[in-house]
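*Asks:* Mind looking over this structure? Questions follow.
The values are calculated or read from the model by the stated rules, or taken from the named source; none is laboratory data. Since the structure is predicted, the reported quantities are computational estimates derived from the model, not experimental observations. For neighbour counting, all protein chains shown are included, and Cβ atoms are generated from backbone atoms with ideal geometry for every residue, glycine included. With ligands, DNA and RNA removed, areas are computed over all heavy atoms of the protein, side chains included. Shrake-Rupley method; radii C 1.70, N 1.55, O 1.52, S 1.80 Å.
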Amino acid sequence: MSLALITGASKGIGKAIAFQLAAKGNNLLLVARNEQLLQSVAEEIKKVYPIAVDYFAIDLSQQGAAKKIFDWCQQKRYTVSILVNNAGYGLSGKFETYSLTDHLQMMQVNMNAVVELTHLFLPQLKRQPQAYILNIASSAAYQAVPYLSIYAASKAFVLQFSRGLNYELKNTPVSVTCISPGSTDTDFASRANVGDKGLKAAKKVNMTPEEVASIAVNAMYTKKSEVITGLINKLGAFFVWLLPKRLVENTAAKIYE
C-alpha cells in the first residue's frame, strides 16, 4: 500500500481527498492545525476503510513546521509516495487592512510550506516506483483579484511552480498535478472575511468538496498537469485570458470590495 500525506486534512477539500485516497487503498497521514478534528477524521475513515491512518497536528503558518512534519515521518519510518499540498486560506479586504504578519503567515501556508514540503519529500518520492504530488491552487490563480490580492498571487505561484516542476520531473517516477477549484462549499469564505456580495456570488456556483476531491484524485492518477474544476470555472479562466485585464479586475473588485 502507498502512503499519502495530506495537509489541511481536517475538513473541506482536504478531508474529502483523504476519503477518496482511502477508498483507493492508500494508507494516510493527515496534517492540520486542530488535533481534535484530525482524530475525528481519522476515526471516520478507519470505520469505513481497512487502512492505517495517522495524524500530526501543526500550524503550517509557523516557521519550521514543514521540517517538523518531515522529521515526524522519518521518526515513524513512514515512506510517502503521495504528497498532497492542500492547506491554504485567504484574507479578503484591502491590503492595508491586515498586518504584515497576517500577510506573511498566509504566504507561509499558501506558498512556502508547499515549496518546503516538496523539497523535503522529493528525494523520497523519486525513489518510489510511482509517486505523485497534488497541489491545490485556485481559479483565482488565473487573474489578479482586487481585495484578494495576495491570496490570488499566492495561488498563481502554486500553479506556475507546479507546472514548472512537473516538466522538470518528466523523466522521473514523480508526476505533479495542480488543481484549481473555484467556489467550494467550505469555510474558506468565512475565514477570508468575504462580504455578502462575495458569499452570494459563491453560492451560485459552489461545488462540493467531494466533487472537487474526485476530480483532483482522478487527475492525479491520470498524471494531468493542470485541471480547473467545473465548467463555469473553466469558462471564467478562458474569459480572463480573452478579455482586457482591467475589465476582469473591475468585475472581481465589485464582488469582493
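*Asks:* Just the residues that are closer than 13 Å to SER149 by Cβ, in contact with a helix residue (DSSP H, G or I) (Cβ under 7 Å, 6 or more places away or on another chain) and either at pLDDT 95 or above or open to solvent by 60 Å² or more (accessible area, probe 1.4 Å) (or both), please, taken from segment 92-123.
*Replies:* If the condition is that a residue be closer than 13 Å to SER149 by Cβ, in contact with a helix residue (DSSP H, G or I) (Cβ under 7 Å, 6 or more places away or on another chain) and either at pLDDT 95 or above or open to solvent by 60 Å² or more (accessible area, probe 1.4 Å) (or both), then PHE95, HIS103, MET106, MET107, ASN110 are the ones that fit.
*Asks:* Another question, then. For a quick check of your reading of the model, give me the residue pairs whose first member lies in segment 86-112 and is more than 14 Å from TYR256 (Cα to Cα), whose second is open to solvent by 60 Å² or more (accessible area, probe 1.4 Å), with beta-carbon atoms closer than 6 Å and at least 6 apart or on different chains.
*Replies:* Once the first residue is more than 14 Å from TYR256 (Cα to Cα) and sits in segment 86-112, its partners that are open to solvent by 60 Å² or more (accessible area, probe 1.4 Å) give TYR89/ARG191; MET111/PHE157.
*Asks:* Further, regarding this structure: Based on what the data block shows, is ASN193 outside any helix (DSSP H, G or I), out of contact with any helix residue (DSSP H, G or I) (no Cβ under 7 Å at 6 or more places or on another chain), modelled with pLDDT under 70 and open to solvent by 20 Å² or more (accessible area, probe 1.4 Å)?
*Replies:* Yes.
*Asks:* Residues being part of a helix (DSSP H, G or I), of a type in the set (A, V, I, L, M) and crowded, with 17+ Cβ neighbours inside 10 Å: count how many of those fall in segment 6-56.
*Replies:* Residues in segment 6-56 being part of a helix (DSSP H, G or I), of a type in the set (A, V, I, L, M) and crowded, with 17+ Cβ neighbours inside 10 Å: 11 in total.
*Asks:* Next question. For segment 124-171, what are the residues that are open to solvent by 40 Å² or more (accessible area, probe 1.4 Å), in a helix (DSSP H, G or I) and free of Cβ contacts under 8 Å to residues at least 60 places away in the same chain?
*Replies:* LYS126, SER149, ALA153, PHE157, GLN160, PHE161, TYR167, GLU168
*Asks:* If you don't mind, there's one more thing I want to ask. So, of the residues in segment 57-68 that are out of contact with any strand residue (DSSP E or B) (no Cβ under 7 Å at 6 or more places or on another chain), open to solvent by less than 50 Å² (accessible area, probe 1.4 Å) and touching a residue at least 24 places away in the same chain (Cβ under 8 Å), which turns out to be farthest from GLU116 (Cα to Cα)?
*Replies:* SER61
*Asks:* Test of understanding: among ALA201, ALA253, ALA219, which residue is modelled with pLDDT under 70 and open to solvent by less than 20 Å² (accessible area, probe 1.4 Å)?
*Replies:* ALA253
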